[in-house]
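The structure appears below as structure tokens.
The values are calculated or read from the model by the stated rules, or taken from the named source; none is laboratory data. Source: prediction; values computed, not measured. All Cβ positions, glycine included, derive from the backbone under ideal geometry; neighbour counts span all protein chains shown. Protein only, heavy atoms only, side chains kept; ligands, DNA and RNA dropped before computing areas. Shrake-Rupley method; radii C 1.70, N 1.55, O 1.52, S 1.80 Å.
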Amino acid sequence: QKNPLQNASYNFSYLFKIDSLGKELSVNVDYANFKNDLVQNYSTTYLDQYYNNFGSPYILKTAFPLNVDVKSAKMDYVHPIGDKIRVELGVKSSFVKTDNYSKFWQVVNNEDSLLLNRTNHFIYNENVNAGYLDYNQSVSKSVDIQIGLRCEQTIAKGEQLTTNTSFTRNYVSFFPSAFINWRANDNNSFNLSYSSRIDRPVYQALNPFYEYLDPYTY
């Protein structure tokens with residue numbers, strides 16, 4: 001097995017304190033690239049009940065070159081109103097491109113034969129645009145509340161070049177949140193919270209193609 005990895009990431013951050021009252025504007029720009037030239041060889045040997053070899057071994061060579069580009073930029077603004085109210089808002093955009101080319105060869109008599117039914121080339125592009133608004137307030141000396149809403153637009157396209165198939169997705173999702181904290185005394189506090197979140201699948205899970213592990217498993 002050979003697994004050379006190449007990872008690189010860059011970040012630019014800027015924080016501007018607008019005034020002494022707590023107003024702030026921050027900007028973050030990120031870029032990351034991941035490369036993986038994974039090469040693996042599999043050999044399956046067949047044994048009888050006496051552990052003697054029979055038949056020819058099944059030898060499989062694989063290569064999984066992978067290239068992932070991730071670009072993102074976000075801007076956040078904090079605006080306090082007096083001593084008890086704090087408003088935060090921001091926007092973010094991210095762009096992801098993955099290029100996954102999985103190649104399989106069967107080795108027979110020391111000759112490599114490309115397996116077209118297992119080899120696949122999948123390209124996936126995803127753009128997520130989001131915006132959020134949070135409202136924080138100290139209602140009293142013992143009660144704090146926070147209400148927020150995040151909106152996300154997802155634009156995605158997957159291309160399976162081997163089978164000449166593709167899919168596109170374009171949808172908008174809303175994620176509300178609410179928190180309330182009550183400080184009963186110096187030693188006890190109670191918190192009630194609600195939030196809606198999303199757990200995205202890994203990119204390879206979106207590939208409409210069989211993933212073979214061995215002659216009997218996919």
The stretch 140-218 shape via C-alpha gyration tensor axes, a/c threshold 1.5: oblate
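Which value results for Rg/Rh of the chain when Rg is the Cα radius of gyration and Rh the Kirkwood radius based on the inverse mean 1/r?
1.18
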In the stretch 1-155 the accessible area split gives carbon plus sulfur, as whole percent at 1.4 Å, a share of 55 percent
If the cut-off is 21 Å between C-alpha atoms, which lysines fall inside it for LYS141, apart from same-chain ones fewer than 8 positions away? LYS84
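For the pair GLN204 and TYR171, what calculated FRET efficiency results from E = 1/(1 + (r/R0)^6), where r is the Cβ-Cβ distance and R0 = 22 Å, to the nearest 0.05? Mind showing how you got there, number by number?
On the way: r = 21 Å, r/R0 = 0.95.
Efficiency, rounded to the nearest 0.05: 0.55.
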Cross-link partners of LYS103 among lysines (Cα-Cα below 21 Å; sequence separation of 8 or more within a chain): LYS2, LYS35, LYS61
Reachable lysines, given that their alpha-carbon falls under 18 Å from the alpha-carbon of LYS74 and they are not under 8 places away in the same chain: LYS17, LYS23, LYS92
Leaving out ligands and nucleic acids, and using a 1.4 Å probe, what accessible area per residue does the stretch 45-201 come to in Å²? 65 Å²
Which of the chymotrypsin sites (Phe, Trp or Tyr not before Pro) across the stretch 16-112 are loop residues per DSSP, with 15 or fewer other Cβ within 10 Å? TYR46, TYR50, TYR51, PHE54
